[in-house]
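Each remark here refers to the structure printed beneath this line.
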Amino acid sequence: MIQPDATFDGTFPFAPHFTAAPGFRMHYVDEGPRDGEVVLCLHGEPTWGYLFRHLISGLSMTHRVIVPDHMGFGKSATPPQRSYWLQDHVDNLEALVLALDLTGVTLIMHDFGGPVGMGLAARHPGRIRRIISANGPTPFGQSDLFERVTANALASPWFQWIAKAEASGELEPVLGQLGFNILSTLKLNGFENNAVITDSWLAAYGSPFARPADCLGAIGWAKGFATGAHTFETPGPAADRAIRGKPALAIWGEADRTLRAEHFLPLFSAIFPAAPVRRLAGVGHYCFEDAPQQTGGLIAEFIRQT
């Protein structure tokens with residue numbers, strides 16, 4: 001786990017906050033006016049709240065921006081006795097949201113933050129105000145969900161590697177060294193903006209995974225796909241109707257090698273057929289790193305308009 005006060009040479013200058021509500025020490029950023037409208041940013045694999053550092057700085061002038069680190073990621077603890085499946089992360093996020101009593105929430109979801117956020121939305125639709133997917137899947141009981149996830153896995157280098165590595169017994173040993181191979185993992189997923197790579201940047205993404213025991217979150221997310229251990233939340237009819245009526249936006253870096261637009265944007269449009277979709281040419285999976293100003297501008301404008 002990263003030291004709580006680590007700022008990585010001032011690139012992440014946000015005060016740390018912690019809660020034990022999910023049953024472990026969960027870190028979150030809580031910036032901006034406490035009476036401001038809530039923006040909840042959810043990261044994925046193998047990142048943490050650092051991914052949203054530019055967005056936090058921009059939105060927290062007017063909004064209360066909350067950015068948790070999922071169990072096993074960032075500044076949150078990595079308890080050895082827990083499981084790290086999708087449903088566990090949804091449980092943890094739900095505990096945080098209820099402990100802070102967050103309402104009127106704008107969800108901003110990247111990578112597996114998408115399924116986690118949509119799981120929260122299925123359980124607590126009344127707490128959600130807007131849905132923003134930024135290279136993050138939006139599973140919500142669509143009839144073709146399994147078909148699209150499977151088709152994507154066959155085309156994605158990351159998911160191809162997960163399947164082979166699990167079958168050969170290499171998944172845990174390789175991801176257990178994520179602190180050393182973090183850049184190659186990011187590149188495999190589709191990271192294009194080499195100009196942002198500095199020693200501080202590498203330390204920010206690599207230091208959460210200093211030892212194999214620190215890598216259980218990253219291992220669990222990958223292993224859950226390889227073994228079918230992840231369970232997608234299915235909304236009830238009332239939650240389904242409620243969420244379909246929310247304002248929504250999709251932002252998708254078209255150079256994403258892990259989550260292909262042709263497989264996942266139709267899942268978004270099936271829930272939100274009238275919602276805008278902004279496709280970013282030359283931008284990879286980590287759109288908040290590849291195009292932070294463009295991505296942040298689209299998000300800020302959408303929030304203002306809705």
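The values are calculated or read from the model by the stated rules, or taken from the named source; none is laboratory data. Worth saying up front: this structure is predicted, and the values here are computed from it rather than measured. Quick reminder, even Gly has a Cβ in these numbers, built from the backbone with ideal geometry, and neighbours come from all protein chains shown. Side chains are part of the model used for accessible areas, which takes the heavy atoms of the whole protein and leaves out ligands, DNA and RNA. Shrake-Rupley method; radii C 1.70, N 1.55, O 1.52, S 1.80 Å.
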Against the rule of thumb 2.2 N^0.38 Å, how large the Cα Rg of the chain comes out: 0.91
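How much length is gained on full extension from Gln177 to Arg25, taking 0.36 nm per residue of separation minus their Cα-Cα distance? Write down the numbers at each step before the final one.
On the way: separation 152, 0.36 × 152 = 54.72 nm, distance 2.29 nm.
Stretched out fully, the Gln177 to Arg25 stretch lengthens by 52.4 nm.
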Theoretical gain in end-to-end length, Glu301 to Ala210 [0.36 nm per residue, Cα-Cα removed]: 28.9 nm
Virtual paramagnetic centre 7 Å along Cα→Cβ of Lys187, amide N under 17 Å, in segment 228-269: 256-258
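Ignoring any ligand, DNA or RNA, what whole percent of the accessible area of the chain comes from carbon and sulfur when the probe is 1.4 angstrom? The partial results should precede the final answer.
Details: 6230 of 11490 Å².
After summing per-atom areas, the C and S share lands at 54 percent.
Residue separation times 0.36 nm, minus the C-alpha to C-alpha distance between Leu98 and Arg279: what's the value? Can you show the working numbers first?
Working: separation 181, 0.36 × 181 = 65.16 nm, distance 3.36 nm.
Gain in length upon complete extension: 61.8 nm.
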Cα-derived Rg to Rh of segment 148-210, Kirkwood definition: 1.03
If you count only protein heavy atoms with a 1.4 Å probe, what accessible area per residue comes out for the chain, rounded to a whole Å²? 38 Å²
Selected from Met71, Met26, Met61 as most flexible by GNM, with the chain as the system and alpha-carbon contacts under 10 Å: Met61
Just want the answer: with Cβ charges of +1 for Lys and Arg and -1 for Asp and Glu, which residue in Leu102, Gly49, His89 is farthest toward the dipole's positive end in segment 1-112? Gly49
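Would you mind working out the magnitude of the charge dipole of the chain relative to its Cα centre, with +1 at each Lys and Arg C-beta and -1 at each Asp and Glu C-beta, to the nearest 20 Debye?
Numbers: 23 positive and 29 negative charges, 112 e Å.
Dipole of the chain, to the nearest 20 debye: 540 debye.
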In the chain, what % of DSSP beta bridges are antiparallel (nearest 5)? 30 percent
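For the pair Gln81 and Arg241, what calculated FRET efficiency results from E = 1/(1 + (r/R0)^6), where r is the Cβ-Cβ distance and R0 = 51 Å, to the nearest 0.05? If you can, show how the numbers build up before the last one.
On the way: r = 39 Å, r/R0 = 0.76.
Efficiency at R0 = 51 Å is approximately 0.85.
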With a 10 Å radius around each residue's Cβ, average the other Cβ atoms per peptide and rank 73-81, 131-139, highest first. 131-139, 73-81
Reachable lysines, given that their alpha-carbon falls under 25 Å from the alpha-carbon of Lys164 and they are not under 8 places away in the same chain: Lys187, Lys223
Report Rg (one decimal) and Dmax (nearest whole number) for segment 192-306, counting Cα atoms only, units Å. 17.4, 49
Of Pro237, Phe272, Leu178, whose Cα points farthest to the positive end of the dipole of segment 177-306 (charges on the beta-carbon: +1 Lys, Arg; -1 Asp, Glu; origin at the Cα centre)? Pro237
